[in-house]
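Read the structure below first, then the notes.
The values are calculated or read from the model by the stated rules, or taken from the named source; none is laboratory data. Keep in mind that what you see is a predicted model, and the values were worked out from it rather than measured. Cβ placement follows ideal geometry from the backbone for every residue including glycine, while neighbour counts extend to all protein chains displayed. Areas reflect the complete protein model, heavy atoms only, side chains present, ligands, DNA and RNA absent. Shrake-Rupley method; radii C 1.70, N 1.55, O 1.52, S 1.80 Å.
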Amino acid sequence: MPSLLTDSFDYDGYQSRFTGKGRIRLEGALAAEDALGVHHALEQQTPWELQLVNRDGKPDILSAAELNTLSADIIQTRLQDTAQRAQDGLSYLRLGLDLMDSETIALESLTTALKSADFAAFCERLTGLSGLELISLSAVCYRNGDFFTQHTDQHVRLGFEWNFTQGWRSDWGGQMLFHSPSGDIEGGIMPRFNDLSLFAGDQPRSIASVAPYAGGPRFSITGRFG
């Protein structure tokens, strides 16, 4: 099972920052060898599904097998509908995989660790919250042009994103952006390898569109606690 480096953090300091800003970022929360193994699993061994929003604003999930049954014109129309929705409100385009019930062997070890009471207790120590219960867990991949428009999770007490992207540049986009009520960007987190970000679910946020010239995909594991 992956080794969480739970003894290497200033918990009081992180709790203070989380109380003040509603978000914190940890560098290197997983042993380096384990983090490289997760990256490999995401890059080479994950059966990704296409996740997008349809013209009616409903989530649409297409497996690789389903995509193979669709014509290029139909796929293009769905992508255009997703982009159109993004102009007016909630929309996203990315690859993903639900890990709450998935039997993806390559990610099984990490998934088991993230579903454990020990990981929930780790997050509670970092944030000062209590009674956290995991309600969703996903593998996520943003490719060139992928995005997630501004959104909040009012019913979520704590969200997290564990990034497993290597060699990312800030001008490639893909940052998690936090928005103020007036529409300004209050802060952002650039994808960095083996960084764990924790944030209050009621903060408006988005994932910036990945630039067409980005040198590779943006990989992460995301989850939400109720």
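Which value, in Å² and to the nearest 10, is the accessible area of residue 185 when all protein chains are kept and the probe is 1.4 Å?
Solvent-accessible area, nearest 10 Å²: 90 Å².
Quick one: putting +1 on the C-beta of Lys and Arg, -1 on the C-beta of Asp and Glu, what dipole do you get for the chain around its Cα centre, in Debye to the nearest 20?
Numbers: 18 positive and 29 negative charges, 103 e Å.
With Lys and Arg at +1 and Asp and Glu at -1, about 500 debye.
Please work out the average accessible area per residue across region 124-180, using the 1.4 Å probe convention, and give it in Å². Working shown, then result.
Numbers: 2210 Å² over 57 residues.
Each residue of region 124-180 exposes 39 Å² on average to a 1.4 Å probe.
So what are the radius of gyration and Dmax for the Cα set of region 1-68, in Å?
18.5, 51
How tilted is helix 11-21 with respect to the longest principal axis of the chain? Cα atoms for both, answer in degrees (0 to 90, nearest 10).
Once rounded, the angle reads 50 degrees.
On the accessible surface of region 3-136, probed at 1.4 Å, how many percent belong to carbon and sulfur atoms?
On the way: 3550 of 7590 Å².
C and S atoms contribute 47 percent here.
Tell me which residues come under 5 Å, amide H to amide H, from residue 157 once H is placed; ignore anything under 5 positions away on its chain.
Residues meeting the criterion, in which the H sits 1.01 Å from N, are 225, 226.
Would you rank 224, 218, 169, 55 by solvent-accessible area, highest first, keeping every protein chain in place and using a 1.4 Å probe? Numbers along the way, then the final one.
Values: 224 75, 218 0, 169 120, 55 155 Å².
Largest accessible area first, the residues go 55, 169, 224, 218.
Along the charge dipole of the chain, pointing to its positive end and built from +1/-1 on Cβ of Lys, Arg, Asp and Glu, which listed residue (82, 162, 107) has its Cα farthest out?
Value: 82.
Which length gain, in nm to one decimal place, applies between residue 68 and residue 56 when the Cα-Cα distance is subtracted from 0.36 nm times their residue separation?
Numbers: separation 12, 0.36 × 12 = 4.32 nm, distance 2.30 nm.
Working it through step by step, the gained length comes to 2.0 nm.
Just read off the accessible area of residue 219 with the full protein assembly in place, 1.4 Å probe, to the nearest 10 Å².
Residue 219 has an accessible surface of roughly 10 Å² with all protein chains in place.
Protein chains only, probe 1.4 Å: how do 130, 136, 91 rank by accessible area, largest first?
Numbers: 130 75, 136 25, 91 0 Å².
The residues order as 130, 136, 91, largest area first.
In whole angstrom, note down how far apart the Cα centers of region 27-47 and region 161-212 are.
Going from one Cα centre to the other spans 19 Å.
Cα extents of region 52-120 along the three principal axes, largest first, in whole Å?
Sorted from largest, the Cα extents of region 52-120 read 44, 29, 13 Å.
Accessible area per residue, 1.4 Å probe, Å², for region 2-112: what's the number? Could you put the intermediate results ahead of the total?
Numbers: 6530 Å² over 111 residues.
Value returned for region 2-112: 59 Å² of accessible area per residue.
Could you tell me the extents of region 92-226's C-alpha atoms along the three principal axes, largest first, rounded to whole Å?
40, 39, 22
Output needed: percent of Cα pairs per 10 Å distance bin for the chain, bins running from 0 to the one holding the longest distance.
Taking all Cα pairs of the chain, the binned fractions are 8, 32, 38, 18, 3, 0 percent.
Give the span of region 145-208's Cα atoms along each principal axis, as three whole-Å numbers ordered largest to smallest.
Ordered largest first, region 145-208 gives principal extents of 32, 22, 19 Å.
Want the number for residue 105 to residue 80: 0.36 nm per residue separation, take away the alpha-carbon distance, what's left?
Length difference between fully extended and current span is 5.6 nm.
For Cα pairs less than 8 Å apart in space and 6+ apart in sequence, what is the mean separation divided by the residue count of the chain, i.e. the relative contact order in percent? Let's see the in-between values first.
Values: 449 pairs, mean separation 56.7, N = 226.
Reported as a whole number, the value is 25 percent.
Set the Förster distance to 22 Å, then compute FRET efficiency between residue 10 and residue 121 from the Cβ-Cβ distance, nearest 0.05.
On the way: r = 17 Å, r/R0 = 0.77.
Efficiency for this residue pair is about 0.85.
If R0 is 35 Å, what FRET efficiency do you get for residue 27 and residue 211 from their C-beta distance, rounded to 0.05? Numbers along the way, then the final one.
Numbers: r = 24 Å, r/R0 = 0.69.
Efficiency computed from Cβ-Cβ geometry: 0.90.
Rg to Rh ratio, region 49-91, alpha-carbon atoms and Kirkwood radius?
Numbers: Rg = 10.3 Å, Rh = 10.5 Å.
Dividing the radius of gyration by the Kirkwood radius yields 0.98.
If you roll a 1.4 Å probe over region 161-226 with all protein chains in place, what percent of the accessible area is carbon or sulfur?
52 percent
Quick one: order 162, 48 from most to least accessible surface, probe 1.4 Å.
Values: 162 0, 48 45 Å².
From most exposed to least exposed: 48, 162.
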